[in-house]
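The values are calculated or read from the model by the stated rules, or taken from the named source; none is laboratory data. This structure is a prediction, so every number in the text was calculated from the model and none was measured. Positions of Cβ are backbone-derived with ideal geometry, glycine not excepted, and every protein chain shown enters the neighbour counts. SASA here: full protein model, heavy atoms, side chains in, ligands and nucleic acids out. Shrake-Rupley method; radii C 1.70, N 1.55, O 1.52, S 1.80 Å.
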Amino acid sequence: MKPDLFEAPDYYNLDELLSDEHKLVRDTARAWVKRDLSPIIEEYAQKAEFPKQIINGLAEIGAFGPYIPEKYGGAGLDQISYGLIMQEIERGDSGIRSTASVQSSLVMYPIWKYGNEDQRKKYLPKLASGEWIGCFGLTEPDYGSNPSGMTTNFKDMGDHYLLNGAKMWISNAPFAQIAVVWAKDNTGRIHGLIVERGMEGFSTPEIHNKWSLRTSATGELFFDNVKIPKENLLPNKSGLGAPLECLDSARYGIAWGAIGAAMDCYDTALRYSKERMQFGKPIGQFQLQQKKLAEMITEITKAQLLTWRLGVLKNEHKATSAQISMAKRNNVDMAITIAREARQMLGGMGISGEYSIMRHSMNLESVITYEGTHDIHLLITGLDITGLNAFK
């Protein structure tokens, strides 16, 4: 088991832009990753298994609903703190960050924002503590980038709703206690419903044979005449804008998280370049290797500045969906490019589980696709700057 020697790059002294609380939150998460995640992550990635023993640790560092008010069990932190936690967790592994992102932005966020007080008090403390894990049901087998076409639906049966349909590629589904599911009523209006494990007709089979996000438990959701109590409907927002607002929060976390993966690949490649000898000198002395490293740190620094500014806008409630899309797209593309370059620098060792790079590279192939594909985010920016809708 190799020691975690990670040192975070900060080429433009961005720490000076962070508050003492921000740095404390980040350093606490960083220390947890080094102590409890890094030593086991390669083993669990090889086994394609989620390490359930880390759930309590994730809760302790505030990874579940960090911006949720303390009265509901959250940490009451700001958006930059949330981002920094996601950065540090994804530095460890994208699959583990996915678990935390889903719990925070796709399960706790809609219950907090669109739920009533009874729902908040019932679900949020258990989710914040990690006692319960949740999942988010939007994507369907035939509707990914076009969620408005969903066919999952529910009918009003008088004293309850009857839910039917299916969702696919759902993180946390195999072991989640609850699912926030988006479905159409008889008028075609989209609503959020809280579905609980154990409800008759509700099943969550796991998806196997993934080459990416192997430490994240991914599954399907099936609803076969599931009786949903009426009090499980999220009452305070409906329509497609409701789940899309949740995705904005998750995409924001991904923008920070991708920086963590990129930093880990860069740090690994930089250290290796000083140790690996070829032709009588360290490979870091060769011009082409220096070019790779210089481009990596430049792109990381640009992404750090972009995302810090987005965090400020989020704290001021000024960040737009299009701005979040830009950051998600840019940062994941930056990270996957760095992972590929770093892998080449390590040569054959780059594909070995002795180093994290190939695992990051495989993970980022999913991150660049989920919660809005690379191309969809490009078109969101195009729509925003031209006012012309390429989706129609």
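In summary, the lysines within cross-link reach of LYS302, defined as a Cα separation below 17 angstrom excluding same-chain residues under 8 places away, comprise LYS291, LYS292, LYS328.
Each Lys or Arg adds one and each Asp or Glu takes one away; over the other residues whose Cβ falls under 14 Å from the Cβ of MET362, this sums to 0. Return the carbon/sulfur percentage of the accessible area of the chain, one whole number, probe 1.4 Å, all protein chains in place. Its accessible area is 51 percent carbon and sulfur atoms. Ranked by the mean number of other Cβ atoms within 10 Å per residue, highest first, peptides 376-387, 257-268, 130-141 order as 257-268, 130-141, 376-387. Listed values for the range 195-202 are Karplus-derived 3J(HN,Hα) couplings in whole Hz (6.51 cos²θ - 1.76 cosθ + 1.60, θ = phi - 60°), namely 9, 10, 4, x, 5, 4, x, 9, and x replaces Gly and Pro. Calculated on the alpha-carbon coordinates, the convex hull of the range 284-343 measures out at 64 cubic angstrom per residue.
Altogether, the Stokes-Einstein calculation at 10 °C and 1.306 mPa s, with the Kirkwood radius of the chain over Cα pairs as Rh, returns a diffusion coefficient of 74 µm²/s. The equivalent ellipsoid of the range 171-219 has semi-axes of 25, 14, 9 Å, largest first, where each one is the square root of 5 times an eigenvalue of the Cα gyration tensor. What is the pair-distance distribution P(r) of the range 1-150, computed from all Cα-Cα distances in 5 Å bins starting at 0, with each bin given as a whole percent? Calculated P(r), rounded to whole percents: 2, 9, 17, 19, 18, 14, 12, 6, 2, 0.
Averaging over all projection directions, the Cα-based convex hull of the range 72-177 occupies 8.2 nm² in the image plane.
Shape descriptor for the range 96-236: Rg over Rh equals 0.94 (Cα atoms; Rh from the Kirkwood inverse mean 1/r). Across the range 58-80, the residues whose backbone nitrogen lies under 19 Å from the label position 7 Å along the beta-carbon direction of LEU313 are 78-80. Taken per residue, the accessible surface of the chain reaches 43 Å², heavy atoms only and a 1.4 Å probe. Just to confirm the number: angle between the C-alpha axis of helix 79-92 and the first principal axis of the chain, 0 to 90 degrees, nearest 10? Helix 79-92 sits at roughly 60 degrees to that axis. Compared with the dominant principal axis of the Cα atoms in the chain, helix 38-47 is inclined by about 60°. For the chain, find the longest principal axis of its Cα atoms and tell me its angle to the long axis of helix 287-315, 0 to 90°, nearest 10. Approximately 30 degrees, to the nearest ten. One decimal place: the segment ASP142-GLN285 gains 46.4 nm when fully extended, by the rule 0.36 nm per residue minus the C-alpha distance. Using Cβ point charges alone (K and R +1, D and E -1), the dipole size of the range 91-149 about the Cα centre works out to roughly 300 debye. The calculated pair-distance distribution of the range 303-388 uses every alpha carbon pair, bins of 10 angstrom beginning at 0, and gives 17, 37, 29, 14, 3 percent. Structural descriptor for the chain: relative contact order 18 percent, calculated from alpha carbon pairs under 8 angstrom and at least 6 residues apart.
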